[in-house]
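All remarks here apply to the structure that follows.
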Amino acid sequence: MSERVVVVPDFETMSQSAADSIFEAIRRTPSLLICAATGSTPTRTYGLLAECCTRSPELFRRVRIIKLDEWCGLNADDPASCEMYLQQHLVQPLKISGDRYIAFRSNPENRQAECERIAGALAHKGPIDLAILGIGVNGHIGFNEPHAVFAAHAHVSELALESRQHAMLSKSTVDNPQELVRYGLTLGMSDLLQARQVIILASGSSKRQSLQRMLDTSATEPASPASFLWQHHTNAVCICDQAAMQDDHRDAALL
Ligand code: PGA
């Protein structure tokens with residue numbers, strides 16, 4: 001198994017390991033631009049950053065955050081929105097001021113214009129220094145869904161059924177969010193490929209298949225977004241727990 005893959009015993013150790021890498025990156029680059037995924041996978045990692053910020057607020061004084069993606073159709077105050085998640089888990093705990101936060105607006109009137117605004121902001125303030133990413137059960141990264149061709153920059157993405165079935169949406173206060181939310185706004189594949197460092201997190205048996213596909217660099221079929229990023233990024237590591245790793249790889253690189 002490649003040394004780019006770190007297999008740890010459990011979710012807590014995965015989160016601690018990711019948080020340690022983030023601390024190290026902030027110490028090297030105090031104005032680090034972190035691309036932050038939402039979802040259950042990075043939640044504890046962000047919690048560890050928040051705990052550290054309580055002890056050492058000066059470490060985070062210049063840190064910047066860019067939101068990876070957002071559901072189309074949900075307002076910012078909807079409990080299922082990515083905005084709500086990031087406000088709760090990162091932006092407020094780390095006291096990220098508005099000038100240090102780049103984020104797709106929730107439910108913009110003109111989605112295309114909103115993507116152009118974010119692409120412009122990233123062109124001006126990027127590239128991303130460190131992307132903290134999870135994998136979807138279908139191999140998506142952000143809302144870059146499995147397609148033969150990937151979009152380079154911020155774009156409107158038609159969501160795969162698996163993405164619309166994500167547990168996050170069940171927190172929404174709208175009726176039938178799975179029906180309402182058919183599109184997402186997301187950073188694109190080039191934005192992630194240009195990130196100086198990428199950490200992909202995977203936890204739990206539900207991620208076994210997508211993780212396996214990502215790591216199987218001999219696969220010739222059209223790549224999932226995760227495998228495409230994994231194959232083409234020169235500074236990406238994957239930190240996963242044993243439950244996410246297939247049996248035959250369990251003993252490899254065990255921390
Ligand atoms: P999860 O979602 O972290 O909640 O598993 C990841 C994703 O679907 O991208």
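The values are calculated or read from the model by the stated rules, or taken from the named source; none is laboratory data. The structure presented is a predicted model; accordingly, all values stated were derived computationally and were not measured. Methodologically, a virtual Cβ is constructed for each residue, glycine included, from the backbone with ideal geometry; neighbour enumeration extends over all protein chains shown. Accessible surface is based on the protein model in full, side chains and every heavy atom, while ligands, DNA and RNA are left aside. Shrake-Rupley method; radii C 1.70, N 1.55, O 1.52, S 1.80 Å.
Some points to look at:
- From 141, 102, 128, 96, residue being closer than 23 Å to residue 164 by Cα and of a type in the set (A, V, I, L, M, F, W, C): 141
- Within the stretch 87-101, the residues that satisfy the criterion of being open to solvent by less than 20 Å² (accessible area, probe 1.4 Å) and not in a helix (DSSP H, G or I) are 94, 96.
- Any hit, the stretch 163-180, residues being hydrophobic (A, V, I, L, M, F, W, C) and free of Cβ contacts under 8 Å to residues at least 24 places away in the same chain: no
- Condition check for residue 116: of a type in the set (Asp, Glu) and open to solvent by 20 Å² or more (accessible area, probe 1.4 Å): yes
- Test: residue 153 is open to solvent by 70 Å² or more (accessible area, probe 1.4 Å) and in a loop (DSSP other than H, G, I, E, B): yes
- Only one entry in 138, 144 is closer than 27 Å to residue 15 by Cα, open to solvent by less than 10 Å² (accessible area, probe 1.4 Å) and within 15 Å of the ligand (Cβ to nearest atom), namely 144.
- For the stretch 81-92, the criterion of being at pLDDT 95 or above, more than 16 Å from the ligand (Cβ to nearest atom) and among the aliphatic types (A, V, I, L, M) is satisfied by at least one residue.
- Checked across the stretch 167-175, the condition of being modelled with pLDDT of 95 or more, within 15 Å of the ligand (Cβ to nearest atom) and over 24 Å from residue 84 (Cβ atoms) holds for no residue.
- Of the residues examined, residue 50 is not one that is part of a loop (DSSP other than H, G, I, E, B), under 22 Å from residue 203 (Cα atoms) and in contact (Cβ under 8 Å) with a residue 40 or more places away in the chain.
- Filter result for residue 35 (part of a helix (DSSP H, G or I), surrounded by 14 or more Cβ atoms within 10 Å (Cβ to Cβ) and either at positive phi or touching a residue at least 24 places away in the same chain (Cβ under 8 Å) (or both)): no
- Every pair of residues 6+ apart whose Cβ atoms lie under 8 Å, when the first sits in the stretch 134-150 and is closer than 21 Å to residue 115 by Cα while the second is within 9 Å of the ligand (Cβ to nearest atom) and open to solvent by 40 Å² or more (accessible area, probe 1.4 Å): 140/162
- Test set (1) within 16 Å of the ligand (Cβ to nearest atom); (2) assigned to a helix (DSSP H, G or I); (3) out of contact with any helix residue (DSSP H, G or I) (no Cβ under 6 Å at 6 or more places or on another chain); (4) not aromatic (Phe, Trp, Tyr) - residue 18 fails condition number: (3)
- Looking at 45, 41, 13, just one residue is part of a helix (DSSP H, G or I), buried (at least 21 other Cβ atoms within 10 Å of the Cβ) and of a type outside the set (Gly, Ala, Ser), and that residue is 45.
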